[in-house]
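The values are calculated or read from the model by the stated rules, or taken from the named source; none is laboratory data. Just so it is clear, the model here is predicted, and its values are computed rather than measured. When we count neighbours, we look across all protein chains shown, and the Cβ atoms used for this are built from the backbone with ideal geometry, even at glycine.
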């Protein structure tokens with residue numbers, strides 16, 4: 001937007017009678033005013049949505065750009081007084097059970113005063129799952145261990161996310177206040193907590209890992225029978241896992257709606273964004289012939305992606321898969337080799353795809369044969 005048009009737009013907007021801000025924005029502002037700081041600087045990093053309706057702004061821009069003048073406003077009307085939004089009020093008891101905070105419930109459990117259940121728990125729910133890899137476990141894990149994902153979702157005592165994730169810098173930090181990751185066995189509850197913020201197929205669903213902390217009250221228990229399937233070293237941790245039996249309060253629309261994922265944006269190669277992953281995340285060990293931002297057509301791989309990607313390419317042909325029994329070669333074990341490519345799209349840091357360089361792959365057979373072919 002040029003300077004003259006921007007000044008005209010600002011002047012015109014000041015003369016308009018704009019509708020009031022959405023309820024979710026007003027609620028958020030009220031929560032900011034009412035919420036005490038938890039020691040030191042706040043860790044919340046949220047952006048407020050603009051309160052000017054998009055259609056009105058677009059129409060005004062078109063009018064100004066075409067040289068027209070805004071319609072002269074009519075007689076002024078005294079603005080109505082909108083009450084200050086009320087904070088989400090969580091119940092203090094459910095089915096005769098006191099609603100405990102995270103710290104109260106964990107303290108009672110540690111003191112031996114919270115065996116079995118049921119117990120009511122209140123706090124804030126967030127889901128901050130992100131794509132990553134973990135080393136394979138040495139022994140089988142039980143469901144209650146939540147192996148490799150413990151701490152990525154759950155209930156916090158304060159209005160804060162359970163895990164702050166900065167994938168571009170490779171940093172994660174747990175919530176400062178008390179928090180726990182529960183086990184959610186019920187499929188319908190899983191859909192509410194982990195699916196989209198809007199179940200209406202006509203709407204644009206937003207993945208739950210973008211939600212702001214959502215007030216929640218649940219009923220659950222400890223000492224679940226599934227703990228028997230955990231290894232001896234993890235048995236107590238599994239017994240201490242809080243298992244959700246029922247969701248009492250959970251309404252994502254009570255907090256400001258998250259914004260959708262932006263489309264990939266072009267950028268100058270002379271000043272590219274930071275790397276989205278490091279060597280250790282891409283075939284750790286082998287030398288790389290390429291590291292940087294590029295496009296998938298230049299990588300010479302079997303699939304294409306729009307926009308730019310951050311990628312690494314191995315210098316040499318390496319094993320890109322594990323041995324497996326292959327009925328197509330008489331039941332011998334085989335594995336694929338190729339120059340390996342790892343890539344992440346600019347708009348989805350944390351997601352990673354793997355591909356072979358076209359024309360470099362072959363199948364190794366356990367009897368020493370090398371069979372040419374395109375790796376899957």
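Considering the conditions (1) crowded, with 20+ Cβ neighbours inside 10 Å; (2) closer than 27 Å to residue 225 by Cα; (3) at pLDDT below 95, residue 179 is excluded by exactly one of them, (3).
In this entry, residue 241 is excluded by the filter for residues that are modelled with pLDDT under 90, at negative phi and touching a helix residue (DSSP H, G or I) at 6+ places or on another chain (Cβ under 6 Å).
Total residues in the range 283-336 satisfying the condition of being without any contact (Cβ under 8 Å) to a residue 40 or more places away in the chain, under 28 Å from the mean Cα position of the chain (by Cα) and assigned to a loop (DSSP other than H, G, I, E, B): the figure is 3. Of everything in the range 303-322 that is modelled with pLDDT under 90 and closer than 17 Å to residue 373 by Cα, the residue that is surrounded by the most Cβ atoms within 10 Å (Cβ to Cβ) is 320.
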